[in-house]
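What follows is a short report on a single structure.
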Amino acid sequence: MKRTVKTALATLLIFSLLLSSCAPRVDVSDRSSVSEAASNGVSALESVPAPAEESGDESEPDLSGPESGLEAEERESLREEGDAGTESAASGGIADSIRPISETGDASLDLTIPAVFKITRPDKKITTTYEAYFITGTSDPSQKVFFEDEEIERLGESGLFGVLAPLQMGDNTFTFSQGDDSETVTITRKAEDQTTAVSEITQSSMFPSVQGGVKVGGAIPLRCVAPSGAEVTATFGDKTVPLTQAAQASQGIPAVFTGKLTVTGDYKADITEKIGPVSYTMTYNGKTKEYTSSGDLYIAGENSVIAIEVTSYAGFVYNTTTVAYDFKEKMKQGARDYVVWQSNDYFELSSGGYISTEMCKIIEGDVTVANTIKSPSASVRDTYEAYSFAVSSFPAYYTRIVDGVFYVTFYNTKGVPEADVSDSRLFSDVAVTARENATTYAFSLKNAGKLWGYNVSCADDALTLKFKYTPGLSTDASRPFAGITILLDPGHGGTDGGALGVPGSTGPSENIINLAHAYAIRDELKALGATVYLTRGDDSYMHLDARSRAIEEYDADLFLSVHHNSVREDKDANTISGFEMYYHTSFSKKLAESMMAGLASGVSRNNRSVNQSAYRVTLMPYAPSILMELGFMSNPREYENMTDADQISYVAQAVVDGVRRALE
């Protein structure tokens, strides 16, 4: 009953503080449910090994790599968390981190684990192809729990439990009991699905699914997926062409149909304009049906071109469409380039590489891409230096650091003005070279370790390269983080609940636990002088683009995304626990390793791995950025720890130690 008493005391403290502060309570108990099966975490890129197979956090599912898309909305507002305080959060108790605080408006978070007997996952009869299923539940910790008349060993004090049950083909029925109560779970196992016949054209398969563009006289690359054996035609304008099935398949099995339609007609010269979707007609099993592509087709008239402008905060340009997360560049919003090839999913750019059709838009009207660069200027500040160039258009670009030299190439660009680095603290010299339609600057670093991060931006006809200096600890021992800005990103939120824990929908889900940890980490950092911001300060949804943009908007020195892990239900979650750190850029590796070292020193849990990966919020090179998996929601003992006031405090203090190590 120790855990129950501790929870009751914490709840009482929260309630009393609520009354004294008169702060309004934000109800976050009405969480939306998430899928029964946690998805595998995506992490492999550029020949970097993937993490352990069982790592399956539902964090940051939208990575916008090959075969994935862009989320629909973006929150505009971000939340500032004031200047640093003077007292450690730990000294006042973790309740200070999870209760509403009137001056900061923190949300009230319910971290209570129900102490009642209930099977929480699955919470209804399900069908799966798994060979085993990890069944979880809550219980009264003072009474024994039995699975098929055998007592279950519960590893913590809160009554949580989990059992990996093997599954036979067909119905599997399992009985759990505690005292006079019992619950029966039925799980039906079926064979892996074989490809099944279809009778419709797949909506998302019709070109263009998002957008497409063709010059007058060019050919539309028509494509769709329809039942094998069907007759399919495509119509645009006054032309209709038959499509050909690409490969033989059994009747009704999904098959790719392709064709080309040459665009002719009296389209306006000198501009590119949106005309509309492509129509498809399918005849199958004696029935004829009409379809319309989801995306529109743009036609470039005589003397015009098909070109795109990046619309996402960062448009990910890949070296190939066949290898996930093989990035060439993360090109900022507004950058423009010509299109030389297209498919339903990608545009190939004239500068090289492929960008998702969902991360950009075809430019309409009088298309301007060609750029002239001139009038460079330098600005040296306390924490960074910047080099600005007057431009006529925001060009596509490519940045890289090779052998101590920072290179940036601007495409579709003329002009070779020299940049002045005479006052630079980072660079000894800069060379500029030009080739047909491209200008490259090579900044030679005096000491690569002094460069903390960099950024490319363009506003008001000025393209700016910003280079951040490596920050250091303050000489004030009581405020070592004075002058350091840290952005905390509590993962998920609002309609995106993240991973469910062992109690399922009856206990706090990942979005709430992430926020509780972020509050505690924030207070510990502020107590040591840091300026700290949260991407979200309550249980609200925030688009991944907005989270990434916040790093730049708040000029953060460090970005820490707070998450908790999970595994698929066919794994024995009792045996899978611990911390994982994920980073992407070379600037972030030390932070990830330092954070793992701090957690290893301060918290007695399994330290699994530090991985280079491709979580979206870690991709930008502006400042060291990591995604922290601070435990497994699916592990009963670890879930108990991550909802415990003292354990949250220990983790927060260990994260602070990790930050200190990274800045030393």
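Count neighbours as other Cβ atoms within 10 Å of each site's Cβ, and list the trypsin sites (Lys or Arg not before Pro) in region 214-291 that are DSSP loop with at most 14 such neighbours.
K268
Give me, ordered by chain and number, the residues 5 or more places off V210 or on other chains with an amide H under 5 Å from its own placed amide H.
G295
Considering just Cα atoms, how many Å³ per residue does the convex hull of region 390-440 enclose?
In region 390-440, the Cα convex hull volume per residue is 91 Å³.
Take the alpha-carbon centre of region 420-470, take the same for region 123-181, and report the distance between them in whole Å.
Using only Cα atoms, the two centres lie 59 Å from each other.
Taking a threshold of 31 Å on the Cα-Cα distance, which of the pairs K268/K289; K124/K287; K328/K450; K215/K289; K144/K190; K124/K144 fall above it?
Correct reply: K268/K289; K124/K287; K144/K190.
Subtract the Cα-Cα distance of R660 and Q143 from 0.36 nm times their separation in residues, and report this length gain in nm to one decimal.
So the chain would gain 181.7 nm between R660 and Q143.
Rank by packing, highest mean first: peptides 418-431, 316-329, with packing defined as the count of other Cβ atoms within 10 Å averaged across residues.
Ranking, from highest mean packing down: 316-329, 418-431.
Tell me the Rg and the Dmax, in Å, that the Cα atoms of region 279-431 produce.
20.3, 77
Got a sec to turn the phi values of region 322-333 into Karplus ³J(HN,Hα) couplings, 6.51 cos²θ - 1.76 cosθ + 1.60 with θ = phi - 60°, whole Hz, x for Gly and Pro?
Once θ is set to phi - 60°, the couplings for region 322-333 become 9, 10, 5, 6, 8, 6, 8, 7, 10, 7, 6, 4 Hz.
Any chance you could check the Cα centroid distance between region 570-591 and region 335-380 for me, in angstrom?
35
Over region 276-320, average the accessible area per residue using a 1.4 Å probe and give it in Å², no decimals.
On the way: 1680 Å² over 45 residues.
Counting only protein heavy atoms, the per-residue value for region 276-320 is 37 Å².
Would you grab the residues whose amide H sits under 5 Å from the one on Y622? Only those 5+ places off in sequence or on another chain, please, with H modelled 1.01 Å from N.
Here Y454 satisfy the definition.
Take the Cα pairs of region 574-664, get the Kirkwood Rh, then feed it into Stokes-Einstein at 4 °C and 1.567 mPa s and tell me D in µm²/s.
97
Under a crude label model (7 Å from the Cα following the beta-carbon direction), how far is M169 from D476 in nanometres?
Taking the two extended label points, one gets 7.1 nm.
Report, to one decimal in Å, the Kirkwood hydrodynamic radius for region 109-237 based on all distinct Cα pairs.
Numbers: mean 1/r = 0.0515 Å⁻¹.
Its Kirkwood hydrodynamic radius stands at 19.4 Å.
So who's got an amide H within less than 5 Å of the one on G631, skipping anything under 5 residues away but keeping other chains? H placed 1.01 Å off N, in plane.
N565, E580
What distance in nm separates the simple spin-label points at E192 and D460, each placed 7 Å from Cα in the Cβ direction?
5.9
Ordered by residue, what ³J(HN,Hα) values in Hz, to whole numbers, does region 211-223 give under the Karplus form 6.51 cos²θ - 1.76 cosθ + 1.60, where θ = phi - 60° and Gly and Pro are x?
6, x, x, 9, 7, 4, x, x, 10, 7, x, 5, 6
Kindly list the residues of region 407-444 that lie in the label zone of K450, defined by a backbone N under 13 Å from the point 7 Å along the Cα-to-C-beta vector.
From region 407-444, the list is 421-429, 444.
Using the heavy atoms of the protein chains and a 1.4 angstrom probe, tell me the accessible area per residue for region 156-266 in square angstrom.
Working: 5540 Å² over 111 residues.
The answer is 50 Å² per residue.
Under a point spin-label approximation (7 Å from Cα along Cα-to-Cβ), what is the I271-T368 distance to one decimal in nm?
1.6
Rounded to the nearest 0.05, what FRET efficiency do T258 and S375 have when you use their Cβ-Cβ distance and R0 = 51 Å?
The value I calculate is 0.55.
Mind pulling up the Rg/Rh value for region 417-457? Radius of gyration and Kirkwood radius, both on Cα. Each step should come with its number before you reach the end.
On the way: Rg = 11.7 Å, Rh = 11.6 Å.
Result for region 417-457 is an Rg/Rh of 1.01.
The values are calculated or read from the model by the stated rules, or taken from the named source; none is laboratory data. Remember, predicted model here, so these are calculated numbers, not experimental data. In this analysis, Cβ positions are derived from the backbone assuming ideal geometry, glycine residues included, and neighbour counts consider all displayed protein chains. Heads up: the accessible areas ignore ligands, DNA and RNA and are worked out on the full protein's heavy atoms, side chains in. Shrake-Rupley method; radii C 1.70, N 1.55, O 1.52, S 1.80 Å.
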